1. Among the residues in region A:16-33, are any at pLDDT 90 or above, away from every other protein chain (no Cβ under 14 Å) and farther than 14 Å from residue A:194 by Cα?
2. If you check residue A:153 against the conditions, is it over 22 Å from residue B:41 (Cα atoms) and surrounded by fewer than 16 Cβ atoms within 10 Å (Cβ to Cβ)?
3. Any residue at all in region A:83-104 that is within 11 Å of another protein chain (Cβ to nearest Cβ) and polar (S, T, N, Q)?
4. Inside region B:4-62, can you point out the residues that are more than 7 Å from chain A (Cβ to nearest Cβ) and outside any helix (DSSP H, G or I)?
5. Output the residues belonging to region B:1-35 that are surrounded by fewer than 11 Cβ atoms within 10 Å (Cβ to Cβ) and modelled with pLDDT under 85.
6. Where in region A:20-102 are there helices (runs of 4 or more DSSP H), lying fully within it, with 3 or more residues that are under 16 Å from the mean Cα position of the chain (by Cα)?
7. Out of (1) over 19 Å from residue A:194 (Cα atoms); (2) within 11 Å of chain B (Cβ to nearest Cβ), the odd one out for residue A:120 is which?
Amino acid sequence: MNRVDFSVASQAGSTLATNKLIKNTYMLLSATLVFSAIMAAVSIVAQPPSIIAMVCLIGGMVLGIFVLPKAANSSAGLGVIFLITGLLGFALGPMLTQYLAMEKGPQIVGTAFGGTGIIFLSLSGYALTSKRDFSFMGGFLFAGMMVVMLAMVANWFLALPGLALALSAAVILLMSGFILFDTSRMINGGETNYIHATFGLYLSIFNIFIHLLSILGVMSDD
Amino acid sequence: MEMFVMIAGAALFCFMIFRMYPAAKHWMEHGPKAEQGDWQAAIIPLAAVVGFVILLIAMVRM
């Protein structure tokens, strides 16, 4: 009898921990996205040179690779994730300024923004409600991301517009897969740190937005 | 200057690929294998994303 009680209590405790993780992750994700949007707006107003934006982008990624994994288990992790998302948001400024200067620019930016929100909420909602384990996609997603990143580096020097468009489409699909993967890992206990979970989801949203903006910019008649 | 930024960015991307390799290898070798119906459950929402992006493209072209 006691064994049964312990098992029920353990299951309830695990569900509570999962719910807390999901709640904390979405709250932190919302806060970082708002902060990132504010920094992007500051960058649009300040109009920094593109080299500054590139330095912010590189700085944000370096902090994400080296500092966040060490800081994520302490309260300093919160400061680090806001710093990273602030830098990445600021880095968007020159790109958004360029798009906003186009005739249909505000429409394209608004559509990319809304589209990214709908894609994220739908996929994350699907993973949360279906409670399926999408961790089987891990190998495919990581290998796909490595191939796409290599092709992106090559295309910086080759500058093939067709390849850039195909890579943007591939990144949107891979990041959509990562949203399913990351959300299901939160539900199924694969991820227990809400700062790590937030960073993973933030990167997916950030990449979907950039590449959706790029596709809409190319495919619009401007 | 632009070439310098491109090379710095390329170096960072290559480093990220280098850092990502062990994770990719781990997931490919030891990650859970898909069971029947798993891929279908993943492909349906991804196909919906493709359809949605096509819809967004049509919207901005109008």
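The values are calculated or read from the model by the stated rules, or taken from the named source; none is laboratory data. Worth saying up front: this structure is predicted, and the values here are computed from it rather than measured. Using ideal geometry, Cβ is built from the backbone for each residue, glycine included, and neighbour counts are taken over all protein chains shown.
1. Yes; the residues of region A:16-33 include at least one that is at pLDDT 90 or above, away from every other protein chain (no Cβ under 14 Å) and farther than 14 Å from residue A:194 by Cα.
2. On the way: over 22 Å from residue B:41 (Cα atoms): yes; surrounded by fewer than 16 Cβ atoms within 10 Å (Cβ to Cβ): no.
Against the criterion (over 22 Å from residue B:41 (Cα atoms) and surrounded by fewer than 16 Cβ atoms within 10 Å (Cβ to Cβ)), residue A:153 does not qualify.
3. no
4. Within region B:4-62, B:35, B:36, B:37, B:62 meet the criteria.
5. First, pick out the residues of region B:1-35 that are surrounded by fewer than 11 Cβ atoms within 10 Å (Cβ to Cβ): B:1-4, B:18, B:22, B:29-30, B:33, B:35.
If the condition is that a residue be surrounded by fewer than 11 Cβ atoms within 10 Å (Cβ to Cβ) and modelled with pLDDT under 85, then B:1, B:2, B:3, B:4 are the ones that fit.
6. Numbers: elements: A:50-62, A:68-71, A:76-91, A:93-100.
Of the helices (runs of 4 or more DSSP H) lying wholly inside region A:20-102, those with at least 3 residues that are under 16 Å from the mean Cα position of the chain (by Cα) span A:50-62, A:76-91.
7. (1)
A quick yes/no check of all residues on (1) of a type outside the set (Val, Ile, Thr); (2) under 22 Å from residue A:35 (Cα atoms); (3) touching a Phe, Trp or Tyr at 6+ places or on another chain (Cβ under 8 Å); (4) within 11 Å of another protein chain (Cβ to nearest Cβ):
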{"residue": "A:140", "(1), (2), (3), (4)": "yes, no, no, yes"}
{"residue": "A:172", "(1), (2), (3), (4)": "no, no, no, yes"}
{"residue": "A:175", "(1), (2), (3), (4)": "yes, yes, no, yes"}
{"residue": "A:195", "(1), (2), (3), (4)": "no, yes, no, no"}
{"residue": "A:213", "(1), (2), (3), (4)": "yes, yes, yes, yes"}
